1. Answer yes or no as to whether residue 53 is in contact with a Phe, Trp or Tyr (Cβ under 7 Å, 6 or more places away or on another chain), assigned to a helix (DSSP H, G or I), in contact (Cβ under 8 Å) with a residue 12 or more places away in the chain and of a type in the set (Val, Ile, Thr).
2. Here's a check for you: in region 82-101, which residue that is out of contact with any Asp or Glu (no Cβ under 9 Å at 6 or more places or on another chain) and part of a strand (DSSP E or B) is surrounded by the most Cβ atoms within 10 Å (Cβ to Cβ)?
3. Is region 70-80 home to any residue that is modelled with pLDDT of 95 or more, among the acidic types (Asp, Glu) and either surrounded by 16 or more Cβ atoms within 10 Å (Cβ to Cβ) or part of a loop (DSSP other than H, G, I, E, B) (or both)?
4. When you look at residue 10, is it among the aliphatic types (A, V, I, L, M), surrounded by fewer than 16 Cβ atoms within 10 Å (Cβ to Cβ) and touching a His at 6+ places or on another chain (Cβ under 9 Å), yes or no?
5. Scan region 26-72 for residues that are of a type in the set (A, V, I, L, M), farther than 30 Å from residue 107 by Cβ and in contact with a Leu (Cβ under 6 Å, 6 or more places away or on another chain) and jot them down.
Amino acid sequence: MKDCIFCKIMKGELPSKTIYEDDLIKVIMNINPATNGHLLVLSKEHMVDLRDTKEEVILHSLKVVKETLYPQLKEKLGCEGLTLAQNNELGQEIKHYHIHLIPRYPEDHADFQYDKEKVEDLDTIYEKLI
């Protein structure tokens, strides 16, 4: 896609700090990080969201996170945990499949906060889902 920022990064039209790359994915540093070492795992081929992305790319991405990137973040940056986030449609600023890897540190304040005023009762939601 010609106007996609991530596609431009893939073509070398925009700069990035690449941490990992293979035939299916490219992993770059997020220019607006939530914590130190916040990375983006990008599909090399333009795919919009989870529904559009090839299963091979999804599975490969998670394998690289598990076996390569998370250990690297723990060893090199000393993070104590990792949050994975993958937005689809609402909340997805760039319409190109990507996964956020957010290294977690004590007291980093990057948690998803539960707000009981904004969610329905668990039993109500459960009944809708089953």
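1. Against the criterion (in contact with a Phe, Trp or Tyr (Cβ under 7 Å, 6 or more places away or on another chain), assigned to a helix (DSSP H, G or I), in contact (Cβ under 8 Å) with a residue 12 or more places away in the chain and of a type in the set (Val, Ile, Thr)), residue 53 does not qualify.
2. In this case the residue turns out to be 98.
3. Yes, region 70-80 has at least one match.
4. Numbers: among the aliphatic types (A, V, I, L, M): yes; surrounded by fewer than 16 Cβ atoms within 10 Å (Cβ to Cβ): no; touching a His at 6+ places or on another chain (Cβ under 9 Å): yes.
Against the criterion (among the aliphatic types (A, V, I, L, M), surrounded by fewer than 16 Cβ atoms within 10 Å (Cβ to Cβ) and touching a His at 6+ places or on another chain (Cβ under 9 Å)), residue 10 does not qualify.
5. Residues of region 26-72 of a type in the set (A, V, I, L, M): 27-29, 31, 34, 39-42, 47-48, 50, 57-59, 62, 64-65, 69.
After this cut, where a residue has to be farther than 30 Å from residue 107 by Cβ as well, the list is 47-48, 50, 57-59.
Across region 26-72, the qualifying residue is only 57.
The values are calculated or read from the model by the stated rules, or taken from the named source; none is laboratory data. None of the values given here were measured: they were computed from a predicted structure. Neighbour counts are summed over all protein chains in view; Cβ atoms, including those assigned to glycine, are modelled from backbone coordinates with ideal geometry.
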